[in-house]
1. Identify all aspartates and glutamates with a Cα-Cα distance to K82 below 17 Å; exclude those on the same chain that are fewer than 8 residues away in sequence.
2. Per residue and in cubic angstrom, what volume does the convex hull of the Cα atoms of the stretch 2-117 have?
3. Compute the normalised compactness of the stretch 76-130: alpha-carbon radius of gyration over 2.2 N^0.38 Å, N being the residue count.
4. So for the chain, averaging the separation of alpha carbon pairs under 8 Å that are six or more residues apart and normalising by length, what relative contact order in percent results?
5. For the chain, go through all pairs of different Cα atoms, get the mean of 1/r, take its inverse, and jot down that Kirkwood value in Å.
6. Among D45, D154, D21, determine the one that fluctuates most according to a GNM of the chain built with springs between C-alpha atoms less than 10 Å apart.
7. Pop a pseudo-label 7 angstrom from the Cα along the beta-carbon direction at both I37 and D154 and give the gap in nm to one decimal.
8. How much length is gained if the chain between I133 and D46 is pulled fully straight, taking 0.36 nm per residue apart and subtracting their Cα-Cα distance, in nm to one decimal?
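Here, each number is a calculation from the coordinates, and none is a lab measurement. Worth saying up front: this structure is predicted, and the values here are computed from it rather than measured. When we count neighbours, we look across all protein chains shown, and the Cβ atoms used for this are built from the backbone with ideal geometry, even at glycine.
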Amino acid sequence: MKDIFKEYLQKYIPTTDEQFDQLSSELTIKHVKKNTILIEQDTIDDSTFFVCNGLIRAYTIDHQGKEHAIFFAPEHWWVNDKNSFYFCEPSLFYVETLEDTDLVQISRKFYDKAAILIPEFAPWQTKILHNSIRFMQKRINLLLAAQAETRYLDFIKMYPNLVHRIPQTMIASYLGITPESLSRVRKVLATKGI
């Protein structure tokens, strides 16, 4: 799994084998079963997870016990609760595996060491963080102002290979609609050939 993560890093930033070897002590390989909670809401966790194989979701539970999907993380996505990771405050959501998942757990020290060892690392991480903010801004805008059909089409664009890997109820939760509404949206789109 470290090799998958190493190849991923080397694809985006120049990283020598020696640099990676110096950082690898801050990485932990995990083979996690489906439905495993990686981060619990209201706890402080300074880990980031890189998904090698499998699927993760982040969600919150409201005061009535209803789950609300925040995002999904398939292969080659990074996952953490930014409130917990960057600010050492209790996490805002749960992070759970939806499939048996192979991942790399990345410590806070990895980020600090990588910023020193690899000059391109910090600017690249800033770009990833800004991309995450951009994604969340778009998601908020869609939830507040877009019709369900538009939200579903955006979901397919964002997660093109996940429609059959995620239960309908979780997709509906992500879209902010009922599973019945999602079924109607899918039927309408099917009649349009989408």
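1. Filter leaves E40, D42, D45, D46, E96, D112.
2. 94
3. So the Cα radius of gyration is 1.28 times the expected 2.2 N^0.38 Å.
4. Reported as a whole number, the value is 23 percent.
5. 18.0
6. Among D45, D154, D21, the largest mean-square fluctuation in the Gaussian network model of the chain belongs to D21.
7. 3.0
8. In short, 29.4 nm is gained.
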